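Novice: Structure in structure tokens, see below.
The values are calculated or read from the model by the stated rules, or taken from the named source; none is laboratory data. Quick caveat, the model's predicted, so the values are computed rather than measured. Neighbour counts run over all protein chains shown; Cβ positions are idealised from the backbone, glycine included.
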Amino acid sequence: MPRNILIIQGHPDESEPHFCHALAEAYRQGAEAAGHSVSELRIGALDFPLLRSEAEWSEGHTPEALLPAQELIRAADHLVFVYPVWLGTMPALMKAFLEQAFRPGFAFDEAARKGPGGVRPLKGKSARVIVTMGMPGFVYRWFYRAHGYRYFKRNILHFLGIRPVRQSFVGMAGARGDRGRKRWLERVRSLGHQGS
């Protein structure tokens, strides 16, 4: 069944193409070839302020520049996050985006903040998290226990009711030769075709 897919490109550098951009494009190609509808949101191209207090987050308003992003998130059945690991987790700009976009009133209500109940409007969406890193993927998964990804999955996506959440850890991203990169691009293209 065709899905409405939103690719959220979390690489903050828009000055030149990175492997994250190639992976997102491969996913898009596979998804569109299978008849899925695909939109893309590039966090590095957005201009929005950082949150500096709990009051700004809970009582403030979503910046105008991010209202279209919230509409894309609301309309999607499946979210695909693509980002590099920086200092063990997602880049700061991506975290800042999540803080601004997934705020109270949009992603959950006051009751959800206080306990297991409450309304979570994003519940029922699924997600794929594609993470690039300089270390081997198995080292991130087993030695570091994928701590940055696990935090994102458990404390943000699952909290919002987004599940299932699946992952792809693209290790040694900067050191891969053409053959290794082509294999990953084919894998991700196949995931896009499946809408997974």
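Novice: With respect to G137, is the statement that it is small (G, A, S) and at pLDDT 95 or above true? Write out each step before concluding.
Specialist: Details: small (G, A, S): yes; at pLDDT 95 or above: no.
Judged against the criteria, G137 is not a match.
Novice: Here's something else I'd like to know. Take the range 104-123 and flag every residue that is part of a loop (DSSP other than H, G, I, E, B) and either farther than 30 Å from G137 by Cα or out of contact with any Lys or Arg (no Cβ under 9 Å at 6 or more places or on another chain) (or both).
Specialist: We begin by selecting, within the range 104-123, every residue part of a loop (DSSP other than H, G, I, E, B); these are 105-107, 109, 115-123.
Answer for the range 104-123, where residues must be part of a loop (DSSP other than H, G, I, E, B) and either farther than 30 Å from G137 by Cα or out of contact with any Lys or Arg (no Cβ under 9 Å at 6 or more places or on another chain) (or both): G105, F106, A107, D109, G115, P116, G117, G118, V119, R120, P121.
Novice: While we're on this one: With a cut-off of at least 1 residues that are surrounded by 14 or more Cβ atoms within 10 Å (Cβ to Cβ) and touching a helix residue (DSSP H, G or I) at 6+ places or on another chain (Cβ under 6 Å), name the helices (runs of 4 or more DSSP H) lying wholly within the range 1-103. If you could, list the steps in order and put the result at the bottom.
Specialist: Working: elements: 19-33, 54-59, 67-75, 92-101.
By residue number, 19-33, 67-75, 92-101.
Novice: Could you list all residues from the range 138-153 that are surrounded by fewer than 17 Cβ atoms within 10 Å (Cβ to Cβ) and either aromatic (F, W, Y) or under 16 Å from L79 (Cβ atoms) (or both)? Can you show your working first?
Specialist: From the range 138-153, those surrounded by fewer than 17 Cβ atoms within 10 Å (Cβ to Cβ) are 138-139, 141-145, 147, 150-151; that's our starting set.
Those that are surrounded by fewer than 17 Cβ atoms within 10 Å (Cβ to Cβ) and either aromatic (F, W, Y) or under 16 Å from L79 (Cβ atoms) (or both): F138, W142, F143, Y144, Y151.
Novice: To continue, here is another question. Within the range 124-155, work out how many residues are farther than 18 Å from L23 by Cβ and assigned to a loop (DSSP other than H, G, I, E, B).
Specialist: Counting residues in the range 124-155 that are farther than 18 Å from L23 by Cβ and assigned to a loop (DSSP other than H, G, I, E, B) gives 4.
Novice: Given (1) modelled with pLDDT of 95 or more; (2) surrounded by 15 or more Cβ atoms within 10 Å (Cβ to Cβ); (3) assigned to a loop (DSSP other than H, G, I, E, B), where does Q167 come up short, assuming only one miss?
Specialist: The failed condition is (3).
Novice: Is it the case that A69 is among the small types (G, A, S) and under 21 Å from D13 (Cα atoms)?
Specialist: Values: among the small types (G, A, S): yes; under 21 Å from D13 (Cα atoms): yes.
Judged against the criteria, A69 is a match.
Novice: Right, next: Going by the structure shown, is V131 buried (at least 16 other Cβ atoms within 10 Å of the Cβ) and of a type in the set (V, I, T)? Even if it seems obvious, please write down each step before you answer.
Specialist: On the way: buried (at least 16 other Cβ atoms within 10 Å of the Cβ): yes; of a type in the set (V, I, T): yes.
It is true that V131 is buried (at least 16 other Cβ atoms within 10 Å of the Cβ) and of a type in the set (V, I, T).
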